[in-house]
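S.K.: Below are the structure tokens for one structure; questions will follow.
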Amino acid sequence: MQQAIMQQALEANLMNIATTIEDQLDDEMHRMENLTEDDLDRMRERRLEALKKQQRKRQEWMRRGHGEYREVDEKEFFNEMKKTERMVCHFFRNNWPCQVMDKHMAILAAKHVETKFVKVNAEKAPFLTERLKVWMLPTLALIKNEKTTDYVVGFDDLGGVDDFKTETLAMRLGAGGLVFEQDED
């Protein structure tokens, strides 16, 4: 008996939710069907302004060194990091695993200009590697608003193999909020 009452209450609740959603969709469809030319012009103008703002931001990023992958020394690291929203720093040395990571980082740097990509030779930057607690190479330090928020250490987060796909690294960086999803060209 009690189960039947609970079932009826649940069904009534679900029906109310469905009716509310349906009413909201009907209202939105009605609004869309009754857009005037002025409404459409305002929508186009807002979209155009958003695209212009996005382009200005992209140009600013390019001016500040985004879109390229380059080596910096210990002193340059801090200047590169200043006033940068997102930066990925590859701590490397001249070995096979780090060369694999370099290949993927160069591809991502060109594709994701919203993020700055740099690399630091760990053997020539003892202060920085100690301060950031880099103990294994390759290590990627994921930096947001001048603070290290996460690390990708070795290839464990990338499937544990050295033949991982660039998209796998992009997904890992995206999960950390360092790169945005890109439409495929």
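S.K.: Quick check for me: using +1 on Lys/Arg Cβ and -1 on Asp/Glu Cβ, what's the dipole size of the range 86-185 about its Cα centre, in debye to the nearest 20?
M.R.: 520 debye
S.K.: With a 10 Å cut-off between alpha carbons and a GNM built on the chain, which of Ala170, Ala18, Ala106 moves the most?
M.R.: Result for the chain, Cα springs under 10 Å: Ala18 fluctuates most.
S.K.: I need the GluC sites (Glu not before Pro) found in the range 126-185, filtered to DSSP loop residues with at most 16 other beta carbons within 10 Å of theirs. Working shown, then result.
M.R.: On the way: sites: Glu130, Glu146, Glu167, Glu181, Glu184; in loops: Glu146, Glu181, Glu184.
Within the range 126-185, the qualifying GluC sites (Glu not before Pro) (loop, at most 16 other Cβ atoms within 10 Å) are Glu146, Glu181, Glu184.
S.K.: From Cα pairs below 8 angstrom and at least 6 apart in sequence, can you work out the relative contact order of the chain, rounded to a whole percent? Can you show the working numbers first?
M.R.: Working: 206 pairs, mean separation 38.2, N = 185.
RCO, the chain: 21 percent.
S.K.: OK, next. Run lengths n ≥ 4 of DSSP H only: what is the helix-derived mean residue ellipticity at 222 nm for the chain, with -39500 (n - 2.57) per run over all residues, to the nearest 500?
M.R.: Details: 6 runs with 99 residues, N = 185.
One gets -18000 deg cm²/dmol as the mean residue ellipticity at 222 nm.
S.K.: Using a 1.4 angstrom probe and counting only protein chains, how large is the accessible area of His104 in Å², to 10?
M.R.: Roughly 0 Å² of His104 is accessible to a 1.4 Å probe.
S.K.: Starting from the Cα coordinates of the range 123-185, work out the convex hull volume and express it per residue in Å³. Let's see the in-between values first.
M.R.: Values: hull volume 7.3 nm³, N = 63.
With only Cα atoms used, the range 123-185 gives 116 Å³ per residue.
S.K.: Determine the percent antiparallel among the DSSP beta bridges restricted to the range 1-160, to the nearest 5.
M.R.: 55 percent
S.K.: Let me ask something else about it. Of the heavy-atom accessible surface of the range 118-185 (probe 1.4 angstrom), what whole percent is carbon and sulfur?
M.R.: Roughly 48 percent, rounded to a whole number.
S.K.: Quick check on my link table: of Lys57/Lys83; Lys75/Lys133; Lys53/Lys119; Lys133/Lys165, which ones sit more than 22 Å apart, alpha carbon to alpha carbon?
M.R.: Where the Cα-Cα span goes over 22 Å, the pairs concerned are Lys53/Lys119; Lys133/Lys165.
S.K.: Which trypsin sites (Lys or Arg not before Pro) in the range 116-182 sit in a loop by DSSP (not H, G, I, E or B) and have at most 13 other Cβ atoms within 10 Å of their own Cβ?
M.R.: On the way: sites: Lys116, Lys119, Lys124, Arg131, Lys133, Lys144, Lys147, Lys165, Arg172; in loops: Lys133, Lys165.
Filter output for the range 116-182: Lys133, Lys165.
S.K.: Restricting things to alpha carbons, find the Rg to Rh ratio for the range 58-114 using the Kirkwood radius for Rh.
M.R.: When Rh is taken as the Kirkwood radius, the ratio is 0.97.
S.K.: Could you work out the Rg to Rh ratio of the chain, with Rh taken as the Kirkwood radius (inverse of the mean 1/r over all Cα pairs)? The partial results should precede the final answer.
M.R.: Working: Rg = 24.5 Å, Rh = 20.1 Å.
Rounded to two decimals, Rg over Rh is 1.22.
S.K.: If you place +1 on the Cβ of every Lys and Arg, -1 on the Cβ of every Asp and Glu, and leave all else neutral, what size is the dipole of the range 141-185 about its Cα centre, to the nearest 20 Debye?
M.R.: Dipole about the Cα centre, nearest 20: 300 debye.
The values are calculated or read from the model by the stated rules, or taken from the named source; none is laboratory data. The model shown is predicted, which means the values in this text are computed figures rather than measured ones. Positions of Cβ are backbone-derived with ideal geometry, glycine not excepted, and every protein chain shown enters the neighbour counts. The area values use the complete protein model at the heavy-atom level, side chains included, leaving out ligands, DNA and RNA. Shrake-Rupley method; radii C 1.70, N 1.55, O 1.52, S 1.80 Å.
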